[in-house]
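S.K.: Would you mind keeping the following structure in view while I ask a few things?
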Amino acid sequence: MAVKTTFVVQVFERKRGRLVPGAKEVAPSQNGALKKAEALAKRMPGAAALKILADDETGELSGIEILDRFGEIPDDFADRLAEG
């Protein structure tokens, strides 16, 4: 089993007064994800940089880590990630 690491930036938008997930963008590295999330949070309500570990063959997730948060992020964001 080969584990693949992917870095993703999750943007949050405000719709009807609530923070909701917007577009996700893949970043080339951890540092790239952090810089992109910080930059996007200046234009959007918020963004989070994520590190995702998954089996390269099956795609099964083995872990998700929030590297950092910028701006406004829903209070239950970490809980929702843990739920899958």
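Readers should treat all values here as calculations from the given coordinates under stated rules, not as data from a laboratory. Since this is a predicted model, take the numbers as computed values, not measurements. In this analysis, Cβ positions are derived from the backbone assuming ideal geometry, glycine residues included, and neighbour counts consider all displayed protein chains.
S.K.: Could you please give the count of residues in the stretch 40-84 that are over 27 Å from Val3 (Cα atoms), touching an Asp or Glu at 6+ places or on another chain (Cβ under 9 Å) and either of a type in the set (D, E, K, R) or assigned to a helix (DSSP H, G or I) (or both)?
M.R.: 1
S.K.: Now for a different question. Can you find even one residue in the stretch 19-33 that is buried (at least 16 other Cβ atoms within 10 Å of the Cβ) and over 19 Å from Leu81 (Cα atoms)?
M.R.: Among the residues of the stretch 19-33, not one is buried (at least 16 other Cβ atoms within 10 Å of the Cβ) and over 19 Å from Leu81 (Cα atoms), which makes the answer no.
S.K.: Within the group Gly46, Gly22, Gly17, Gly71, which residue is without any contact (Cβ under 8 Å) to a residue 12 or more places away in the chain and not aliphatic (A, V, I, L, M)? Spell out the reasoning first.
M.R.: Working: Gly46 fails: without any contact (Cβ under 8 Å) to a residue 12 or more places away in the chain; Gly22 fails: without any contact (Cβ under 8 Å) to a residue 12 or more places away in the chain; Gly71 fails: without any contact (Cβ under 8 Å) to a residue 12 or more places away in the chain.
Unique residue meeting the criteria: Gly17.
S.K.: Further, regarding this structure: Of everything in the stretch 1-39 that's acidic (Asp, Glu) and in a strand (DSSP E or B), which residue is farthest from Asp68 (Cα to Cα)? Step through it out loud before you land on a result.
M.R.: Our first condition is that a residue be acidic (Asp, Glu); within the stretch 1-39, this holds for 13, 25, 38.
Checking which are in a strand (DSSP E or B) leaves us with 13, 25.
Values: Glu13: 17, Glu25: 15 Å.
It comes out as Glu13.
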